[in-house]
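A short reminder: the numbers here are calculations on the coordinates, not readings from a lab. None of the values given here were measured: they were computed from a predicted structure. As a convention, Cβ positions derive from the backbone with ideal geometry for all residues, glycine included, and neighbour counts pool all protein chains shown.
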Amino acid sequence: MKLTPRIQKAINLAAAKHDGQARKGDDLPYIVHPFSVALILMDYTENEDVIVAGILHDTIEDTDYTKEQMEDDFGARVAELVIDVTEKDKNLPWQERKDDYLKHLKISTFESKLICAADKLHNLQSMFEAFRKFGKEAEKRFNAPSDKKLWFYEECLKIFKLESQMPLELIKNIESVLDDVRSLEHPELKRKIFFVSCENDDCGFTVKFEHLNEAFFFCKGCKFGINPSSEDLMSGKKYICDKCKKEMERYDLYEEDNVCPICNDMLEVCFKFSKSEN
């Protein structure tokens, strides 16, 4: 999706309306969130109304911008989509608000669910970064306990899975970040990866994991990868491809976007959580 005049108008308006607001988890300017939601949406739709609504999805809930103003500026369809993903009464208790939201989400359109899914994915990504940066202190930054927030995201995910048009890749991304957040929220749980493989069958890139660290070295030309021991990783040992004899490059799952280094498609990570033996 290209930058259009309506999308640019939405960006300008959202930036102005959210000016001075900050994200609870990381203190970044709030506008980072709607921009990120729009970029996620652009991976899954060419619908301009959906992308504009993604940029504006929090303006009615969190600023003085009204539905009527939005209809005048962007049309009735955009306003309908934003209202669909807006909590109706911010004065209600947290649980009651979320119950009402979930009840409405079940009967909303695919486009509204898609905006909601992009919103929840970025919220979870931000939650993960907050836990990684602040540890348990991150709890104090949220408006509800993390177990409650995770319950809400899990309930949203159940609804997304029932939507036949929902992109499978988006569902998998939400599931993956949910697992990542759980691992940081409960540090006694350790993630053991069995293998990573490219979702593109024509690529066929796969790395079998023999060790607990979450890094691998790969040869792009030979589509070959190896998971080193933690000792070798810390020592800075270099790995040479057995086939072409070229030095292999390093890839860290936590620091990358889980994109295949060979073809830039998504990597599928097969893993499970277990109690730490330490």
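Tabulated values for the structure
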{"read-out": "Highest-fluctuation residue, N91, N258, N200 considered, GNM on the chain with Cα pairs under 10 Å", "value": "N91"}
{"read-out": "The chain: angle of helix 5-17 to the longest principal axis, Cα-based, in degrees nearest 10", "value": "80 degrees"}
{"read-out": "Farthest toward positive dipole pole in segment 200-266 [+1 Lys/Arg, -1 Asp/Glu at C-beta], among I240, M266, N200", "value": "I240"}
{"read-out": "Stretch gain in nm, segment K133-D26, where the contour uses 0.36 nm per residue and the Cα spacing is subtracted", "value": "37.6 nm"}
{"read-out": "Nonlocal amide H pairs with E268, under 5 Å, H built at 1.01 Å", "value": "S197, C198, E199"}
{"read-out": "Of A22, A118, A138, the one that fluctuates the most in a GNM where the chain has Cα springs shorter than 10 Å", "value": "A22"}
{"read-out": "Degrees between helix 146-162 axis and first principal axis of the chain (Cα, 0 to 90, nearest 10)", "value": "90 degrees"}
{"read-out": "CD proxy at 222 nm, helix term only [per DSSP H run n ≥ 4: -39500 (n - 2.57); per residue of the chain; nearest 500]", "value": "-15000 deg cm²/dmol"}
{"read-out": "Rough spin-label spacing in nm, given labels placed 7 Å along Cα→Cβ, for D252 and K172", "value": "2.4 nm"}
{"read-out": "Rounded to 10°, Cα long-axis angle of helix 110-134 versus longest principal axis of the chain", "value": "60 degrees"}
{"read-out": "Separation of the K237 and F195 label points, Cα + 7 Å toward Cβ, nm", "value": "2.3 nm"}
{"read-out": "Simple Cβ-charge dipole of the chain, Lys/Arg +1 and Asp/Glu -1, about Cα centre, in debye nearest 20", "value": "780 debye"}
{"read-out": "Cα convex hull of segment 5-184 - mean projected area over all directions, nm²", "value": "9.7 nm²"}
{"read-out": "Dipole magnitude of segment 142-273, debye to nearest 20 (Cβ charges: Lys/Arg +1, Asp/Glu -1, about Cα centre)", "value": "380 debye"}
{"read-out": "Selected from Q125, F218, S183, residue furthest toward positive end of dipole (the chain; charges at beta carbon)", "value": "F218"}
{"read-out": "Eligible lysines near K106 by straight Cα distance, threshold 25 Å, same-chain separation 8 or greater", "value": "K67, K88, K90, K98, K120, K148, K149, K158, K161, K172"}
